[in-house]
Amino acid sequence: MTAAAFLDRDGTLIDDPGFLADPAKVRLLPGVADALRDLAQLGLLRIVITNQSGIGRGLLTTDQVEAVHREIERQLAREGAAIDAWYWCPHRPEEACDCRKPGTLLHRTAAARFDIDLTASWCIGDRIGDVAAAAPLGARGILVSTGDGPLHIEAATAAGIAIAADLPRAVAMLRDQATG
């Protein structure tokens with residue numbers, strides 16, 4: 001079995017302009033490529049789990065989401081980094097599906113596909129829903145203060161979830177725990 005870092009997309013890996021449909025607007029956040037390379041060196045799969053309700057709202061198509069992901073991959077590859085897998089929920093929040101974070105269906109689907117030890121894995125994102133998925137999985141969570149992170153610090157603190165300034169600092173926390 002292997003472990004994974006389940007990463008949010010918008011506000012964690014890239015700037016979040018809201019319902020991103022245009023690959024030309026993809027902007028990696030500072031240090032993301034380095035952090036992804038570091039995750040690989042730690043032996044963690046890099047799996048993106050992202051809520052993309054714009055599909056269910058009719059604001060985005062699956063093809064547009066996939067084009068954005070290809071552009072992220074292109075920019076990361078330029079810096080020698082990669083994502084191992086992409087999973088997204090296309091549903092609106094009111095649909096109450098199991099795949100929309102903090103639901104865990106997508107995490108569990110990835111775990112089955114890649115033989116992931118969920119108890120050795122991490123959920124990292126800029127919203128409480130991104131990291132609240134960790135508890136039912138038996139994983140651990142880190143809220144990053146990029147994107148919408150500042151709006152969720154109080155809830156994360158109350159839930160005992162670690163907080164990092166950004167993805168590179170979250171990965172540094174993982175590295176410290178692995179070597180500590």
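All of the numbers you see were taken from the coordinates with simple rules; none came from a lab. In this text the structure is predicted, and so the values were computed from the model without any measurement. So basically every Cβ, Gly included, is an ideal-geometry build from the backbone, and we count neighbours across all protein chains shown.
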**OP:** Please work out if Asp148 is over 20 Å from Asp38 (Cβ atoms), surrounded by 19 or more Cβ atoms within 10 Å (Cβ to Cβ) and of a type in the set (Asp, Glu).
**Re:** yes
Original post:
How do the pairs read when you match residues in the range 113-128 that are touching a residue at least 12 places away in the same chain (Cβ under 8 Å) with residues anywhere that are of a type in the set (Val, Ile, Thr) and assigned to a helix (DSSP H, G or I), using Cβ under 8 Å and keeping only pairs 6 or more apart or on different chains?
Top reply: Cys123/Val131; Ile124/Val131; Gly125/Val131
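The rows are residues; the columns are (1) touching a Lys or Arg at 6+ places or on another chain (Cβ under 6 Å); (2) among the aromatic types (Phe, Trp, Tyr); (3) over 19 Å from Leu36 (Cα atoms).
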site	(1), (2), (3)
His91	yes, no, yes
Arg100	no, no, yes
Thr104	no, no, yes
Arg113	no, no, yes
Thr119	no, no, yes
Ala132	no, no, yes
Val144	no, no, no
**OP:** Among the residues of the range 88-120, count how many are hydroxyl-bearing (Ser, Thr, Tyr) and either surrounded by fewer than 17 Cβ atoms within 10 Å (Cβ to Cβ) or at positive phi (or both).
**Re:** 2
**OP:** Please enumerate the residues belonging to the range 25-56 that are farther than 24 Å from Ala3 by Cβ, out of contact with any Lys or Arg (no Cβ under 6 Å at 6 or more places or on another chain) and without any contact (Cβ under 8 Å) to a residue 40 or more places away in the chain.
**Re:** Lys25, Arg27, Gln52, Gly54, Ile55
Original post:
Just checking, how many residues over the range 3-26 are surrounded by fewer than 14 Cβ atoms within 10 Å (Cβ to Cβ) and either part of a loop (DSSP other than H, G, I, E, B) or not charged (D, E, K, R) (or both)?
Top reply: 4
